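Notes for the one structure printed next.
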Amino acid sequence: MEDISIRELTPQENIDDRNLLLPAFLDIWNHPDNLTYLTFTLKPFEQEEVRFWLENHKDQKVRYFCALSDDGVILGIAVLKTDPIEGFELFGLGVRPGFKQQGIGRRLIERTLDSSAEQGFKAVNTSVFADNSAMLRLLLSCTFVPAGMDFHKWADGADSVRMIRHL
């Protein structure tokens with residue numbers, strides 16, 4: 001696999017970051033292989049909705065870390081939410097289907113853990129569909145542990161597993 005770098009994009013301040021992130025986010029999150037695991041409603045994400053998130057990410061306490069190929073293509077995105085009361089959450093993780101199983105998700109998770117520690121958080125929380133075995137395996141291999149279940153959380157009735165990684 002080609003070299004990849006992990007970089008934080010700041011779409012609220014940097015129009016180039018927003019222009020790079022918006023189509024990649026829509027491509028990755030709305031891809032049929034990913035959509036069923038990345039939305040509560042099972043409805044595709046709309047461009048205007050995602051644009052709003054990107055234009056207001058700091059106000060929403062959201063950060064975006066991206067895995068970029070050596071030619072600048074976004075291969076994966078980690079969406080992080082930070083709040084001094086709610087804690088640090090890996091809110092979303094998506095990798096382009098053609099690049100799965102190549103360590104991109106793991107690298108994004110490792111950068112998430114580093115960012116959490118840099119900000120003084122003591123744990124990272126996340127939720128994952130109970131039937132998303134690939135993501136569950138990845139999180140377990142990164143020493144996340146189950147912290148609870150949310151039953152029938154998603155639109156199709158699927159359960160969600162809350163996971164935590166103590167730092």
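The values are calculated or read from the model by the stated rules, or taken from the named source; none is laboratory data. Worth saying up front: this structure is predicted, and the values here are computed from it rather than measured. Virtual Cβ from ideal backbone geometry, glycine too; neighbours counted across all protein chains shown. SASA here: full protein model, heavy atoms, side chains in, ligands and nucleic acids out. Shrake-Rupley method; radii C 1.70, N 1.55, O 1.52, S 1.80 Å.
Are any residues in segment 57-66 open to solvent by less than 40 Å² (accessible area, probe 1.4 Å) and of a type outside the set (Val, Ile, Thr), and if so, which ones?
The answer is His57, Tyr64, Phe65, Cys66.
Residues checked against (1) of a type in the set (Gly, Ala, Ser); (2) open to solvent by 60 Å² or more (accessible area, probe 1.4 Å); (3) farther than 21 Å from Val124 by Cβ; (4) not in a helix (DSSP H, G or I):
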| site | (1), (2), (3), (4) |
| --- | --- |
| Arg18 | no, no, yes, no |
| Leu26 | no, no, yes, no |
| Phe40 | no, yes, no, yes |
| Phe52 | no, yes, yes, no |
| Leu68 | no, no, yes, yes |
| Asp71 | no, yes, yes, yes |
| Gly76 | yes, no, no, yes |
| Ile85 | no, yes, no, yes |
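Could you give every pair whose Cβ atoms fall below 8 Å, whose first residue belongs to segment 83-107 and is over 17 Å from Asp3 (Cα atoms) and at pLDDT below 95, and whose second residue is open to solvent by 60 Å² or more (accessible area, probe 1.4 Å) and not in a strand (DSSP E or B), counting only separations of at least 6 or pairs across chains?
If the second residue must be open to solvent by 60 Å² or more (accessible area, probe 1.4 Å) and not in a strand (DSSP E or B), the pairs left are Asp83/Lys61; Pro97/His31; Pro97/Asp33.
Looking at Val79, Val50, which one is of a type in the set (Val, Ile, Thr) and in contact with a helix residue (DSSP H, G or I) (Cβ under 6 Å, 6 or more places away or on another chain)?
Among Val79, Val50, only Val50 is of a type in the set (Val, Ile, Thr) and in contact with a helix residue (DSSP H, G or I) (Cβ under 6 Å, 6 or more places away or on another chain).
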